[in-house]
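Colleague: Before I ask anything, here is the structure I am working with.
The values are calculated or read from the model by the stated rules, or taken from the named source; none is laboratory data. Source: prediction; values computed, not measured. So basically every Cβ, Gly included, is an ideal-geometry build from the backbone, and we count neighbours across all protein chains shown. Accessible surface is based on the protein model in full, side chains and every heavy atom, while ligands, DNA and RNA are left aside. Shrake-Rupley method; radii C 1.70, N 1.55, O 1.52, S 1.80 Å.
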Amino acid sequence: MNELCLGERPLTIADIADVARRGRTVSLGPAARERLAAARAVVERILADDRVVYGVTTGFGQLATTRIPVEQVRQLQLNLVRSHAVGVGEPLPRDVVRAAMLLRTSTIAKGYSGVRTEVLETLCELLDRDLVPWVPSRGSLGASGDLAPSAHLVLAMLGEGEFLSPPGERLAAGPVLEQAGIAPITLEAKEGLSLLNGTQFMAAIACLAVTDGEALLDSSDVIGAMSLEGLRGSVGPFEERIQRLRPIPGQLLTAAHVRAVCAGSEIILSHLNCDKVQDAYSIRCIPQVHGACRDALRWLREVAEVEIESVTDNPLIFPDSGEVISAGNFHGEPLALALDLAAMSLAEIGSISERRTFRMLTASLSELPPFLTADSGLNNGYMIAQYTAAALVSENKVLCHPASVDSIPSSGDQEDHVSMGMTAAFKLLQVARNLRAILAIEALCAAQAIDLLAPLTPGRGVQAARDLVRELAPPLVQDRYLAPEIEAVSGAVEQGRFAAVLAAEGS
């Protein structure tokens, strides 16, 4: 994988995933270095002229009117980082922190922050050596940026915080840097502020959630098609001529996916002349529900694509004019609203998935054996797996209370409206985790239902998905320990193996 050279072209969500999860290396390009030098020169002139500029020679937040002597500006930046590293809770995942490190480097490299090149070089080296700061997940209000998470990141760069080992241990930063031969950074004027201000952590989660969410939606189309076949439903409602009468983009795509994976199905052909007039909504309305959720997630992609190429520092330095202007690009409202909607969209996928699972397990609704076991009564089959899906669906509903409608003033009411965007981001991660398990349970039940319809065979894509389940879980003949199988199939969903079925079918 070739090195990502920042400043040479726009950053993409795929770039962020490559660096965060696949270890792609990062460097600063010549154009970025020139911009950094120009912005830093403005800061140096401010210090030489002893000008009053927010965050450079003043305090922060409500203390913005407090004048700081030039000889104390280094201590000011160090105090800022130390005082803001107050996060709590479990650490953010390594891939999220790596993505945030990349985004922080990229936004500062645009040349509006006044940070020295060597500070960003340290960030690049930490990424390349896979040295990931320990960053607690709670503490950001999503305005003035992700202050507390960012402070923990920077504190590790100073040799005072902690790093997160691959097994999840919390390691003192000083010894880690010393062993790696990396010198701790010393903050100069404005650098602490620039490293803390901005939306990089919530944007990091947004980018990774878009990547994962799109794969989850593809997986849900495939697994939904498995259930359609297991329930001997009709593919008629998925016809393109029907979808064209309501040409919502996501709806068109989901219907095309289901048609593709069901192509060549003997099960569907065997059911063309039955007396069942129409299928339940959880089957018949897959395009409408999955499609609407696709379009909701697409909004998060659009917002994230803008955000990762934006400058969210404060104050902003304009090297051409020498001006330093305080503004509000750090406010996370655009991300917060989109993250909340993304969580709702994934929760809806889980909700309709669980309903399909329920139908397959209920003999009066499915024409299948009760709980998909041939000897029900003695055996419970997948009865309690549906309980787990229901519990996760319920949890997702609780998590989908929008964080972005809340605001708690801070900093003596200077920061009197905040986005809670990081809260929205973190709960989206949990909704996605829950959804993977919900889809895994549906896939296990659908594979069992398809097997019970033998010798009739499903469509080629559905057969491929059924075979994937059977790699991880044999047919259920009598009751056994199912939790490991749910976990294994959930892992396959996370790895994109169900989504890959669509690519194999050319959809």
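Colleague: For a quick check of your reading of the model, give me the residue pairs whose first member lies in region 65-93 and is over 16 Å from residue 144 (Cα atoms), whose second is of a type in the set (Val, Ile, Thr) and open to solvent by 50 Å² or more (accessible area, probe 1.4 Å), with beta-carbon atoms closer than 7 Å and at least 6 apart or on different chains.
Modeller: What qualifies is 67/52.
Colleague: Look at residue 440 and say whether it is among the small types (Gly, Ala, Ser) and assigned to a helix (DSSP H, G or I).
Modeller: Considered against the rule, which asks whether it is among the small types (Gly, Ala, Ser) and assigned to a helix (DSSP H, G or I), residue 440 comes out as yes.
Colleague: Going through region 161-180 one residue at a time, which ones are open to solvent by 70 Å² or more (accessible area, probe 1.4 Å) and in a strand (DSSP E or B)?
Modeller: 170, the sole residue that qualifies.
Okay, residues lined up against (1) open to solvent by less than 50 Å² (accessible area, probe 1.4 Å); (2) in a helix (DSSP H, G or I); (3) more than 18 Å from residue 134 (Cα to Cα):
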residue: 39; (1), (2), (3): yes, yes, yes
residue: 46; (1), (2), (3): yes, yes, yes
residue: 77; (1), (2), (3): yes, yes, yes
residue: 82; (1), (2), (3): no, yes, no
residue: 99; (1), (2), (3): yes, yes, no
residue: 103; (1), (2), (3): yes, yes, no
residue: 112; (1), (2), (3): no, no, yes
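Colleague: Then there is this: Please find, within region 307-350, the residue that is nearest to residue 377 (Cα to Cα) out of those that are crowded, with 22+ Cβ neighbours inside 10 Å and of a type in the set (Gly, Ala, Ser).
Modeller: 350
Colleague: Output the number of residues of region 1-17 satisfying the condition of being surrounded by 18 or more Cβ atoms within 10 Å (Cβ to Cβ) and touching a Lys or Arg at 6+ places or on another chain (Cβ under 8 Å).
Modeller: Result for region 1-17: 4.
Colleague: Let me ask something else. Identify, from the list 223, 242, the residue that is β-branched (Val, Ile, Thr), more than 30 Å from residue 53 (Cβ to Cβ) and surrounded by 24 or more Cβ atoms within 10 Å (Cβ to Cβ).
Modeller: 223
Colleague: Name the residue, out of 192, 198, 213, that is at pLDDT 95 or above and either part of a helix (DSSP H, G or I) or open to solvent by less than 10 Å² (accessible area, probe 1.4 Å) (or both).
Modeller: After ruling out the rest, the residue left standing is 213.
Colleague: Go through region 18-37 and report how many residues are surrounded by fewer than 20 Cβ atoms within 10 Å (Cβ to Cβ), over 26 Å from residue 92 (Cβ atoms) and not basic (Lys, Arg).
Modeller: 5
Colleague: Restricting the search to region 395-448, which residues are surrounded by fewer than 22 Cβ atoms within 10 Å (Cβ to Cβ) and at positive phi?
Modeller: Listed by number, the residues that qualify are 411, 412, 413.
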